[in-house]
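Notes follow the structure.
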Amino acid sequence: MSDRVVRAIGLTGGIATGKTATSHYLADICKLPILDADIYAREAVHPGSPILDSIVQRYGATLLLPDGNLNRPELGNIIFCNPAERQWLEQQIHPYVRRRLVEETQTCIAAWNRVSPNTLTVVLVVPLLFEANMTDLCTEIWVVYCSPEVQLQRLMQRDGLNGDRADARINAQMPLAQKCQQADVVLDNSSTLDSLFLQVDAQLNRSI
């Protein structure tokens, strides 16, 4: 392994604050490798996996769709309203997600070292970066922020939820203000996407 600099950006935020829009911009426009924890979390519960078997044993086969996949919305209705069950589920999935993030980061580093002498920037998109204690995988942490009022309205519109259900999902995560306090960079997505992307560009262009 060479001594080339690796810049590992941990991208996180609250639900419906704009993480996906930011990660798409970083991938499509900035051409950066994106490692998405949500993809690995879905891998963890693919049909026939030990983790999915454990979930079915705990909650019953009614959580399976006809094709054998996990009924994620139904599981969400259980865990978002029950902290103990949410903690149990996270204990099953988070170790798998961490292992995949480490593996894919190393794969990116190995490929980059073969072709470029420059700094490698890789983006780890981890909604529960703080809650899952994965901050050690990053060299800097970016939190996508928006006002609580905007967050609630976006979530209700995006997922078709009423106010109570949207609040439950927001409150199931660490308070956004607390995440901002622990961030190296706070991206304010309370207004337009153009404004958000200008902030992203400015942070990418700063020296590390």
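Tell me, 24, 94 in order of fewest to most beta-carbon neighbours within 10 Å?
Neighbour counts put them in this order, fewest first: 24, 94.
Could you tell me how many degrees, from 0 to 90 and to the nearest 10, lie between the Cα long axis of helix 83-115 and the main elongation axis, the longest principal axis, of the Cα atoms of the chain?
Tilt relative to the chain: about 30 degrees.
Just for the chain, what percent of DSSP beta bridges are antiparallel, to the closest 5?
So the antiparallel bridges in the chain amount to around 5 percent.
Can you tell me the orientation of helix 19-28 relative to the chain, as the angle in degrees between its alpha-carbon axis and the longest Cα principal axis, to the nearest 10?
Long axis of 19-28 versus the principal axis of the chain: about 40 degrees.
Fewest Cβ neighbours within 10 Å first, please rank 5, 143 accordingly.
By the 10 Å Cβ count, ascending, the order reads 5, 143.
Quick one: which of 65-72, 50-57 comes out on top by average Cβ neighbours within 10 Å, and what's the full order, highest first?
Going from most to least packed, we get 50-57, 65-72.
Taking K and R as +1 and D and E as -1, what net charge do the other residues with C-beta under 14 Å from the C-beta of residue 185 add up to?
0
For the chain, build the charge dipole from Cβ charges (+1 Lys, Arg; -1 Asp, Glu) around the Cα centre, then report which of 16, 119, 200 sits farthest towards its positive end.
119
Bear in mind that the values in this text are calculations on the coordinates, not laboratory data. All of these numbers come straight from a predicted model, not from anything done at the bench. For neighbour counting, all protein chains shown are included, and Cβ atoms are generated from backbone atoms with ideal geometry for every residue, glycine included.
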